[in-house]
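Asks: Right, I'll just put the structure down here and ask away after.
The values are calculated or read from the model by the stated rules, or taken from the named source; none is laboratory data. In this text the structure is predicted, and so the values were computed from the model without any measurement. Glycine gets a Cβ as well: all are built from the backbone with ideal geometry, and neighbour counts include every protein chain shown. Side chains included, ligands, DNA and RNA excluded: accessible areas come from the protein's heavy atoms. Shrake-Rupley method; radii C 1.70, N 1.55, O 1.52, S 1.80 Å.
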2 protein chains.
Amino acid sequence: MPTTLHDLPTPCLVLDRPRLQRNIDRMADRCAALGIRLRPHLKTPKNVEIARLLLARQARGITVSTLAEAEHFAAHGLHDQFYAVPLAADRIPRIAALVRGGTTVVCVAHDADAVPAYAHRAAAEGIVLPLVIDVDVDHHRSGIAAGDPDFLAMARAIHAAPSLALRGIMVYAGASYDAPGTEAIAALAERIRAGGVAARDLLRREGLPCDMISYGSSPGTFFARSLEGLTESRAGVYPFQDLFQAGIGACTVDDVALSVLTQVTGRQPALNRFFIDAGGLALSKDRSTAGHAFDAGYGLVCDLDGRPIGDLVVASASQEIASVASRSGQPLDMAAFPPGRRLRILPNHSCFTAAAHERYHVVDGGHAVAAVWERVNGW
Amino acid sequence: MPTTLHDLPTPCLVLDRPRLQRNIDRMADRCAALGIRLRPHLKTPKNVEIARLLLARQARGITVSTLAEAEHFAAHGLHDQFYAVPLAADRIPRIAALVRGGTTVVCVAHDADAVPAYAHRAAAEGIVLPLVIDVDVDHHRSGIAAGDPDFLAMARAIHAAPSLALRGIMVYAGASYDAPGTEAIAALAERIRAGGVAARDLLRREGLPCDMISYGSSPGTFFARSLEGLTESRAGVYPFQDLFQAGIGACTVDDVALSVLTQVTGRQPALNRFFIDAGGLALSKDRSTAGHAFDAGYGLVCDLDGRPIGDLVVASASQEIASVASRSGQPLDMAAFPPGRRLRILPNHSCFTAAAHERYHVVDGGHAVAAVWERVNGW
């Protein structure tokens, strides 16, 4: 069995455990200081060992993005779940099976016209389905504006249905991703917080329950000045971080815990570039650093210790190979990159890069693989 | 077991078999007319039923992009293989196991400095490894220019090694992807053809073997005026086609055989958009239509019969949800898109969208699922 970064088959994922733990600790400390419950979003790691590291530090309960995750984590004893994606009614039978097994799965309502189907399906399954309403504050993603007349009508319909239970609302600080810089993120966080509190007050004035106010985004949690009035954060990307998060100032490149192990397969000295065996499938086609001051192409090129090499980036990506070049066009020392030399690539967007792989190879700062942790992909 | 597009769990892949067969027939006829052998690249379908449909029509042998594909297809009796990615020497033990099982796996050399490791590893495994040299004609991707002094040195080194066998060269018409229009594709195809023939002549003048000249790209094969002097085409995307291929004129939208089944989860009438449960993970983040006259966002929105609905496109994609909007800003009839309505999304780049899923749900033009075909993902 391969046991070091020198003999693992490439391409594959490498996870730096000291960085992972540092990122987990930092967010746990921050949420403790803010006085907000942390319910981490496992859509990024999709792995039970990492879930346990999160739960060992302040986190109570988990957030999931697919029923495949929900079922996997329930089977591993994680029974307090928030399924934070607008619910398709035909998924309720699978959710009911989880509920009957002792798992709480809070679900999300986005559209008033979906509520009758939720009520009907939940009743047919003999369960009471807990729901929060997806409240759109910044028009960044899904949800209904609290000022929309349908908002209260929807809340009343959920509250009135015997097979449904209104638990509260969710908000998302998605536009923090359009706002580089921690000051801009903090200002947006405050806007989202205020929007969530206003929606809560609307419900309470009508005598409707609102015990759960879930707030999303890692940078929005880390840089918020206050999250008063919200009950929990479902920050997700922070255990791994990535180049996008570094680009908006939410972390440094040294915080990025996830990388793709690859090797050189050939060079083109006349074109001042070389090729690696991690292509668009292994790295993902996410180009979210494209608008940043440091556009990393398809990833930042590091040595086997995870240290960036000059300003080398993945300049282009085919399906199974990619080219590496200097961002500034510095001449490369081709002798330093012979075929077979192994490298690690830091990802633009760790959620998407991780999703291209089945497992993590965990290292403790060195080259030895200390553990192999499986992911739960698909739906 | 779900048997129609109305009850399959979403998101998932739908494959239109009549379109698939039409695309296969069209390329087979074209290669027959060109007098070139077809060795289709299975990096797109990664599926054995589709491989058999290809082999039933003119194709002889297959091309693969990963050893996972090579092993899977060998296990299903497909023993004539070209592994068309620059070879990492440490993969030779897996290849040797295939060779010992009776499979021919022609591999690719890109860098002269890799040849000693190839020779050493192949000798250690007791096999003779067939190699072609990756020849770079248009600087679009990997390979060595035939004019580079290392080209002939590399060919001689391969020919001289008892554990290696020089089979010929490969070329790739990758820049046809930068050249919209069939005339531009045809002009580029001729340039690549001529480059391949020139490289062959160089080898033959030195008394070196060059029996295989593999030529790549679906549009470059379909629109080439002649492929004289080349021995085979490894066209790959044509069985499925996609919006990128339609955008460069290599097919029409009606030829696209692959789609993602999804459903509406909520609407935002004030923002003139609605949301579906196929996000960036189900659609891929490939944005290759971004530079085209018709930028399809993350995909083109169709009804359950696969017909485009107005000018609806996937405008933005989060991990598990995406927003749908009219490209031209036409007001949407929200009543036509209630929660639960099912839709099919045509992909920008079918290789990447397919790779996000484990299997195909095959339909024969209607809504009934006639077959479920498994993919072989990973490495």
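Asks: Restricting attention to the range A:247-277, report how many residues are aliphatic (A, V, I, L, M) and within 21 Å of A:Cys12 (Cα to Cα).
Replies: Matching residues across the range A:247-277 total 8.
Asks: Still on this structure, please answer the following. When the range B:202-212 is examined, which residues are found to be surrounded by 14 or more Cβ atoms within 10 Å (Cβ to Cβ) and part of a loop (DSSP other than H, G, I, E, B)?
Replies: Correct list: B:Leu208, B:Pro209, B:Cys210.
Asks: Let me ask something additional. Got a sec? Which strands (runs of 3 or more DSSP E) wholly within the range A:324-379 have at least 3 residues that are under 22 Å from A:Val264 (Cβ atoms)?
Replies: A:342-346
Asks: For the range B:324-341, which positions are open to solvent by less than 20 Å² (accessible area, probe 1.4 Å) and either within 11 Å of chain A (Cβ to nearest Cβ) or touching a Cys at 6+ places or on another chain (Cβ under 9 Å) (or both)?
Replies: B:Phe337
Asks: Applying the selection to the range A:9-47, what residues are open to solvent by 10 Å² or more (accessible area, probe 1.4 Å) and in a helix (DSSP H, G or I)?
Replies: A:Arg17, A:Pro18, A:Arg19, A:Gln21, A:Arg22, A:Asp25, A:Arg26, A:Asp29, A:Arg30, A:Ala32, A:Ala33, A:Leu34
Asks: Which members of the range A:72-113 meet the condition of being in a loop (DSSP other than H, G, I, E, B) and either within 14 Å of another protein chain (Cβ to nearest Cβ) or within 19 Å of A:Ala157 (Cα to Cα) (or both)?
Replies: A:Leu87, A:Ala88, A:His110, A:Asp111
Asks: Here's something else I'd like to know. Where the second residue is among the acidic types (Asp, Glu) and the first is within 30 Å of B:Arg94 (Cα to Cα) and lies in the range A:3-32, which pairs have Cβ atoms under 7 Å and are six or more apart or on separate chains?
Replies: Between residues of the range A:3-32 that are within 30 Å of B:Arg94 (Cα to Cα) and residues that are among the acidic types (Asp, Glu), the close pairs are A:Thr10/A:Asp277; A:Pro11/A:Asp277.
For (1) of a type in the set (A, V, I, L, M, F, W, C); (2) within 25 Å of A:Gly236 (Cβ to Cβ); (3) within 12 Å of chain A (Cβ to nearest Cβ), each residue gets a yes or a no:
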| residue | (1), (2), (3) |
| --- | --- |
| B:Ala250 | yes, no, no |
| B:Ala270 | yes, no, yes |
| B:Ser284 | no, yes, yes |
| B:Thr289 | no, no, no |
| B:Leu312 | yes, no, no |
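Asks: Which numbered condition trips up B:Phe151, out of (1) more than 22 Å from B:Tyr215 (Cβ to Cβ); (2) assigned to a helix (DSSP H, G or I)?
Replies: The failed condition is (1).
Asks: For residues that are open to solvent by less than 20 Å² (accessible area, probe 1.4 Å) and modelled with pLDDT under 95, tally how many sit in the range B:151-174.
Replies: 2
Asks: Quick one: B:Gln245 ticks every box in (1) without any contact (Cβ under 8 Å) to a residue 40 or more places away in the chain; (2) more than 26 Å from B:Arg200 (Cβ to Cβ); (3) open to solvent by 10 Å² or more (accessible area, probe 1.4 Å) bar one, so which box is it?
Replies: (3)
Asks: Among residues belonging to the range B:342-366 that are among the charged types (D, E, K, R) and under 23 Å from A:Leu283 (Cα atoms), point out the one that is farthest from the other protein chains (Cβ to nearest Cβ).
Replies: So, considering only residues that are among the charged types (D, E, K, R) and under 23 Å from A:Leu283 (Cα atoms), the one farthest from the other protein chains (Cβ to nearest Cβ) is B:Arg359.
Asks: Here's something else I'd like to know. When you scan the range A:172-222, how many residues do you find that are over 15 Å from A:Asp138 (Cβ atoms) and of a type outside the set (Lys, Arg)?
Replies: 19
Asks: For the range A:54-71, enumerate the residues that are in a helix (DSSP H, G or I) and either in contact with a His (Cβ under 7 Å, 6 or more places away or on another chain) or among the hydrophobic types (A, V, I, L, M, F, W, C) (or both).
Replies: A:Leu54, A:Leu55, A:Ala56, A:Leu67, A:Ala68, A:Ala70 - these are the residues of the range A:54-71 that are in a helix (DSSP H, G or I) and either in contact with a His (Cβ under 7 Å, 6 or more places away or on another chain) or among the hydrophobic types (A, V, I, L, M, F, W, C) (or both).
Asks: Of all residues in the range A:115-134, which are of a type in the set (A, V, I, L, M) and part of a helix (DSSP H, G or I)?
Replies: If the condition is that a residue be of a type in the set (A, V, I, L, M) and part of a helix (DSSP H, G or I), then A:Val115, A:Ala117, A:Ala119, A:Ala122, A:Ala123, A:Ala124 are the ones that fit.
Asks: Do we find that A:Leu15 is away from chain B (no Cβ under 14 Å) and closer than 26 Å to B:Thr66 by Cα in this structure?
Replies: Considered against the rule, which asks whether it is away from chain B (no Cβ under 14 Å) and closer than 26 Å to B:Thr66 by Cα, A:Leu15 comes out as yes.
Asks: Also, quick follow-up: Looking for something over 17 Å from the mean Cα position of the chain (by Cα) and either crowded, with 24+ Cβ neighbours inside 10 Å or closer than 30 Å to B:Glu183 by Cβ (or both) - is there at least one such residue anywhere in the range B:349-357?
Replies: no
Asks: Quick check, is B:Ala199 surrounded by 24 or more Cβ atoms within 10 Å (Cβ to Cβ), more than 26 Å from the chain's Cα centre (by Cα) and more than 18 Å from A:Phe275 (Cα to Cα)?
Replies: no
Asks: Now for a separate question. Specify which of the listed residues (B:Leu67, B:Leu129) is open to solvent by less than 10 Å² (accessible area, probe 1.4 Å), more than 10 Å from chain A (Cβ to nearest Cβ) and modelled with pLDDT of 95 or more.
Replies: B:Leu129
Asks: Residues that are at positive phi, part of a loop (DSSP other than H, G, I, E, B), crowded, with 24+ Cβ neighbours inside 10 Å and touching a residue at least 12 places away in the same chain (Cβ under 8 Å): does the range B:297-313 have at least one?
Replies: yes
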